[in-house]
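The values are calculated or read from the model by the stated rules, or taken from the named source; none is laboratory data. Nothing here was measured: the structure is a model prediction, and the numbers come from that model. Using ideal geometry, Cβ is built from the backbone for each residue, glycine included, and neighbour counts are taken over all protein chains shown. These accessible areas exclude ligands, DNA and RNA; they are computed on the full protein's heavy atoms, side chains included. Shrake-Rupley method; radii C 1.70, N 1.55, O 1.52, S 1.80 Å.
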Amino acid sequence: MTASNGEGPYRQAQVDPLAGLRGVADPPWDVYLTGTVFLDIIFTGLDSAPVRGTESWARGMGSSPGGVANMATALARLGLKTSLAAAFGDDHYGEYCWDALAQGEHIDLSTSRTVPGWHSPVTVSMAYEGERTMVSHGHEPPPEEPAPDCPPRARAAIASLTPGTRAPWVVQAANKGARIFADVGWDDTGRWDLAGLPDLAHCEAFLPNAEEAMRYTGASCPRAAARALTEHVPLAVVTLGAEGAYAVDRRTGETAEVPAIEVEALDPTGAGDVFVAGFVTGTLAGWPLADRLAFAGLTAALSVQEFGGSLSAPGWSEIAAWWRRVQSHDDQDPAALGRYAFLERLLPKTTRAWPLRRAVPTIGFRRSA
């Protein structure tokens, strides 16, 4: 099954995937997360990597909040009530990122704060040949993270685990009833010791990539690694790159594997965040494991067809347009179509044609009176 990118204004369709589950006693937020927000500046349309001693001109440029904002935006665009705790610089970059998240994406920032005199971290990303090169700059973060000791009540929380480090807010969120979903970065220490991830004991799900999963478990293949990880966490999801994803649920004994959707990848920035957001959405909605994997893979596939991190996160309009389009082709594999048939009951009845393209914002335009 294939998809491609194109042009057209971006307008998000509102779908609440948890509509049938909400009650008066629910937590105020579906998902809570915390971390560092970067200003991302993305150069696109480069024919090759910049060459030392020369000047390269990009055919396109966009700017957007990045870092933890990639995940927060992906969650919000999928209809989850999202609360983000982050520090923002009191410069124009910080103001822009706050505005884009609070006003543009309707993300709750009540536990975030503006730090006087702090420089907003910045990443410049150059996309070419389906890859990216990034240069980042930032000062030491504020001495304390915003609201680490009092996370709000939420159905779920997403944590990025750091080897050898414990985040106190994780156990506090878990004690308040949040289901903790965790990913992990590369272990620069080279130890690859699961005991060095103390917060994993409080997690419901762990979502590493194949290389990370095998290094942490010593398994010879990703699927064996996923099974080994369930000795430490109830649900293990291992992403397999172009092969899709594999998951094992220890509590039910269920396993699922879903192949990736073939797409023309323009920029992989933020695809992992979008995958996690899709999986969390399906889990909170109570979908079967295979449907959760399929949805996560689909949202990630749609995201890599656009440039940028939070800019590329798809919403329900994109998902609906993709589904209508693939159904219109007679040469589609019926089994592959059947894998995504569960979407029918969720999608808005959009009349817009595929392909869609998200708007690319910039900084500094004056608002019209």
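Dipole of the chain, Cα-centred, from +1 at each Lys and Arg C-beta and -1 at each Asp and Glu C-beta, to the nearest 20 debye?
960
If we count every other residue with Cβ under 12 angstrom of residue 346's Cβ, Lys/Arg +1 and Asp/Glu -1, where does the sum land? Kindly include the intermediate steps, with their values, before the conclusion.
Details: positive: 345, 349; negative: 16, 291, 344.
Once positives and negatives cancel, what remains is -1.
Largest first, the residues 339, 191 sort by 1.4 Å accessible area into 191, 339. Between residue 330 and residue 49, full extension at 0.36 nm per residue minus the direct alpha carbon distance yields a gain of 97.2 nm. Rounded to the nearest 10 square angstrom, residue 92 shows an accessible area of 140 square angstrom against a 1.4 Å probe.
Site pair residue 22 and residue 90 shows an inter-label distance of 3.6 nm when each label is modelled 7 Å from Cα along Cα→Cβ. The 1.4 Å probe gives accessible areas that order 250, 52, 22, largest first, as 52, 250, 22.
For the pair residue 165 and residue 119 in one chain, pulling the backbone fully straight at 0.36 nm per residue adds 14.1 nm over the alpha carbon distance. The candidates 34, 54, arranged from most to least accessible area with a 1.4 Å probe in the full protein assembly, appear as 54, 34. Among the GluC sites (Glu not before Pro) in region 203-246, those placed in a DSSP loop whose Cβ has at most 14 other Cβ atoms within 10 Å are 231.
Grab the DSSP H runs of the chain that are 4 residues or longer, score each as -39,500 (n - 2.57), total them, divide by all residues and round the 222 nm result to the nearest 500 deg cm²/dmol.
Calculated at 222 nm, the ellipticity per residue is -7000 deg cm²/dmol.
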